[in-house]
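Below: one structure, written as structure tokens.
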Amino acid sequence: MSALTLDNAAVTRATILLPRGGVWCADVEVDTETAPTGRVSIVADGGPTWVGTVLTGAVTHGLWRGRILGGAGGLRAEIPARAYRSATLADVLADLLTETGETLAPDAASLSTSAPLYHRAKGTGTQAVTELARAMGYAWRITVGGLLWLGTETWPDAGALDTTLLERDPLLDTYTLGGESLSLAPGQLVPVRDEAGDVFVRAGYVRHEIAPDRYTTTLWSAA
């Protein structure tokens, strides 16, 4: 089982919620007397690194319990209305990144489309980027690495993973996996072996549950 750390302190429990659209969050319990602040990294030994920003938390009896938001955590803040003339959607996005402190993923889609008259309503950064993505017909999310991605889903193969199907809920269309599953994230095509044979699940919402003795991953199908 992979050991998890948060800035070199042991993570004893965690729930990491990764939406296909939006900002991921993690509720964690860390063995430390020093409360982490600002930008932090949750690192799985031999696995992924989730990069985010501390939203809230406190230390009690040698354990820090807190919540971390993916990326800079700036999309939750309110930003003012703004009107654009003779601009591109890339200009609109650049201002949004500056105001929220977020960083664009290198594989994000181009936003070179002309926006001769574009009005950004007053609201949160999340609302602004959602409207911007909608204008282009794109999906968007904060990646595991803490970057803002916008683009068209291509459903890359998650690759061969040593996982076991623990539970299948056909009503909710979920798959709960054990084994080497922490690398799974929204937007991937995940191979799952069930009673009917191998199936490929388009991972929408992903939840990682980490406990001292085990971890599991639940996938919500985006079919």
- request: Consider only pairs whose beta carbons are under 9 Å apart and that are at least six residues apart or on different chains; among these, list those whose first residue lies in segment 25-43 and is closer than 20 Å to Pro186 by Cβ and at pLDDT 95 or above and whose second residue is in a strand (DSSP E or B) and basic (Lys, Arg).
  value: Cys25/Arg67; Ala26/Arg67; Asp27/Arg13; Asp27/Arg65; Asp27/Arg67; Val28/Arg13; Val28/Arg65; Val28/Arg67
- line: Going through (1) within 21 Å of Asp45 (Cα to Cα); (2) assigned to a loop (DSSP other than H, G, I, E, B) one by one, Thr164 fails only at (2)
query: Here is a list of conditions, (1) surrounded by 16 or more Cβ atoms within 10 Å (Cβ to Cβ); (2) without any contact (Cβ under 8 Å) to a residue 40 or more places away in the chain, and Leu104 meets all of them except one; can you say which number that is?
result: (2)
task: Taking only segment 144-161 into account, find how many residues are more than 26 Å from Thr113 (Cβ to Cβ) and in a strand (DSSP E or B).
output: 1
- line: Filtering segment 145-182 for residues that are hydroxyl-bearing (Ser, Thr, Tyr), closer than 27 Å to Ile68 by Cβ and modelled with pLDDT under 95 leaves a count of 2
field: Output for segment 1-50, where each listed residue is assigned to a loop (DSSP other than H, G, I, E, B), of a type in the set (A, V, I, L, M) and closer than 25 Å to Ala203 by Cβ
entry: Met1, Ala3, Val23
- prompt: When you scan segment 78-143 for strands (runs of 3 or more DSSP E) that lie fully inside it, which ones turn up with 1 or more residues that are within 20 Å of Cys25 (Cβ to Cβ)?
  reply: 139-142
- request: Go through segment 71-94 and give me each residue that's open to solvent by 40 Å² or more (accessible area, probe 1.4 Å) and not hydroxyl-bearing (Ser, Thr, Tyr).
  value: Arg76, Ala77, Glu78, Pro80, Ala81, Arg82, Ala83, Arg85, Ala90, Asp91, Ala94
task: Within segment 180-196, identify whether any single residue is of a type outside the set (D, E, K, R), assigned to a strand (DSSP E or B) and either surrounded by fewer than 14 Cβ atoms within 10 Å (Cβ to Cβ) or in contact (Cβ under 8 Å) with a residue 40 or more places away in the chain (or both), and answer yes or no.
output: no
- line: Among residues of segment 120-177 being among the basic types (Lys, Arg) and within 17 Å of Ala222 (Cα to Cα), the residue most open to solvent (accessible area, probe 1.4 Å) is Arg168
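The values are calculated or read from the model by the stated rules, or taken from the named source; none is laboratory data. Computed from a predicted model, the values in this text were never measured in an experiment. Ideal geometry is used to build each Cβ from the backbone, glycine not excepted, and the neighbour counts take in all protein chains shown. Note: accessible area is taken over every heavy atom of the protein model, side chains too, but ligands, DNA and RNA are not part of it. Shrake-Rupley method; radii C 1.70, N 1.55, O 1.52, S 1.80 Å.
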